[in-house]
Amino acid sequence: MSTFASNQNREGVLIRLRTVLASLLLVAAVIGGGAYALTSAQPKAQAVPAPASAPSVPVVAEPVKSGEVPIYLRGIGTVQAYNTDTIRAQVQGQITQIAFKEGQTVHAGDLLAQIDPRPFQAQLDQAIANRERDQAQFVNAQANLQRDSQLLAHGYATPQTVDLDKANTGQFGASVKADEAAIEYAQTQLAYTRITSPIDGVVGIRQIDVGNIVHPTDPNGLVVVTQLQPISVVFTLPETDLPQIQQAMAKGPLTVLAYSQDDKIKLDQGALAVLDNQIIQTSGSVRLKANFPNPEHRLWPGELVNIRLLIENLPNTLTIAATAVQQGPQGSYVYAIKPDGTVEQRAVTVGQLTASRAVINTGLRTGEQVVVNGQSRLQPGSPVTLLQGQAAQELAAQSAQQEVIP
């Protein structure tokens, strides 16, 4: 009986173990199925693409050049006429003719106006007549003196008569000389009725019309004649430039260039004529005067111009286009193109900067390529594409337009 009970207990334990094991297997199956379903529901991870290379920037470039570079001192000047004459009448009379057009180019001796010559011609005729009368009396006095001198030698005339003849001869001779002087004066007055230009130049706006009476004391005159060839420009430079100017003048004549106010148009080339003999203390500057041939009349009296005084020519000097030079917090720099086609930011020292070229003292070498247009999209390391021909011109025009827009 006890043996039978023990067997039943063992069978119960086995049954419970089988039940627990089945439950564990079921739980494991459920968990595994859920994990599989979850794994199947998630999207597959996509491969990360390799980073794309930076796009190439189109630019215009040019090589660094080496050669002779002119060094200028720059100032602002005022154009002055070489000669300016206000034409006035030298005799009083009525204007009968105006022989010029306003703005006309005239030469020395050209007729400008005519005053009625008739009163002056009458004075000349009267002076000539007086001379002829006195000349006749002088000839008669000489004849009387010769005749009475012969009679005196033979005792037929008195010394008093001869002395009177001598006095008359001297008197009428002096009258003839006075008449000749009057004739010369009348001829001069008559010549003054022809008002002519004393210089080559351009006439301005006339101040009087035909029919008006003119006087030598008229303040405005008839017209102003201005000489434009040659012409002068008076300009100033800082007094600190004086030693450099004097050293350059000691070597020979100095060339002076005149440019328009925007510094884009060359108006003429001349030579330095005068260095003023004193410093303007109020401005700390010195005045200079240059003369220009002005064959095309591009320099006009009263015009403001930019002046470049050539001091010397530096040989073997590096230059680049002025548009290549950029300004940053650390000073001037350029974008230099490396052999791999990318750019680097290169600090440079600029010796002289003009509207078109920049003199480079340090930072570059001859032949290196620098970007002259298209820098706005560049960064250090940016790859570039060099533009040529029409594309380069269009990019340069766009860059110039961006600089104008504030």
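The values are calculated or read from the model by the stated rules, or taken from the named source; none is laboratory data. Keep in mind that this is a model prediction, so the values were computed, not measured. Here Cβ is always computed from backbone atoms with ideal geometry, including for glycine, and neighbour counts include all displayed protein chains. Side chains included, ligands, DNA and RNA excluded: accessible areas come from the protein's heavy atoms. Shrake-Rupley method; radii C 1.70, N 1.55, O 1.52, S 1.80 Å.
Here is a yes/no grid of residues against (1) among the aromatic types (Phe, Trp, Tyr); (2) closer than 21 Å to residue 208 by Cβ:
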{"site": "100", "(1), (2)": "yes, yes"}
{"site": "114", "(1), (2)": "no, yes"}
{"site": "120", "(1), (2)": "yes, yes"}
{"site": "127", "(1), (2)": "no, no"}
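What number of residues in the range 275-295 are in a strand (DSSP E or B), open to solvent by less than 20 Å² (accessible area, probe 1.4 Å) and farther than 15 Å from residue 245 by Cβ? Give the derivation first.
Initial filter on the range 275-295 (in a strand (DSSP E or B)): 275-280, 285-292.
Next cut, open to solvent by less than 20 Å² (accessible area, probe 1.4 Å) only: 285-286, 288, 290, 292.
Narrowing the set further to residues that are farther than 15 Å from residue 245 by Cβ leaves 292.
Total meeting the criteria: 1.
Return the only residue of 365, 298, 346, 308 being among the charged types (D, E, K, R), more than 23 Å from residue 69 (Cβ to Cβ) and either touching a residue at least 12 places away in the same chain (Cβ under 8 Å) or in a strand (DSSP E or B) (or both). Reasoning before the result, please.
Numbers: 365 fails: more than 23 Å from residue 69 (Cβ to Cβ); 346 fails: more than 23 Å from residue 69 (Cβ to Cβ); 308 fails: more than 23 Å from residue 69 (Cβ to Cβ).
Unique residue meeting the criteria: 298.
For the residues 81, 127, the requirement of being among the small types (Gly, Ala, Ser) and assigned to a helix (DSSP H, G or I) singles out 127.
Scan 252, 204 and give me the residue that is out of contact with any strand residue (DSSP E or B) (no Cβ under 8 Å at 6 or more places or on another chain), over 26 Å from residue 120 (Cα atoms) and open to solvent by less than 60 Å² (accessible area, probe 1.4 Å).
Numbers: 204 fails: out of contact with any strand residue (DSSP E or B) (no Cβ under 8 Å at 6 or more places or on another chain).
Exactly one residue qualifies, and that residue is 252.
Restricted to the range 156-171, and to residues there that are assigned to a loop (DSSP other than H, G, I, E, B) and of a type outside the set (A, V, I, L, M), the residue that is farthest from the chain's Cα centre (by Cα) is 156.
Okay, residues lined up against (1) surrounded by 18 or more Cβ atoms within 10 Å (Cβ to Cβ); (2) touching a Pro at 6+ places or on another chain (Cβ under 8 Å):
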| position | (1), (2) |
| --- | --- |
| 297 | no, no |
| 309 | yes, no |
| 316 | no, no |
| 322 | no, no |
| 338 | no, no |
| 384 | yes, yes |
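Total residues in the range 115-136 satisfying the condition of being open to solvent by 70 Å² or more (accessible area, probe 1.4 Å) and more than 59 Å from the chain's Cα centre (by Cα): the figure is 5.
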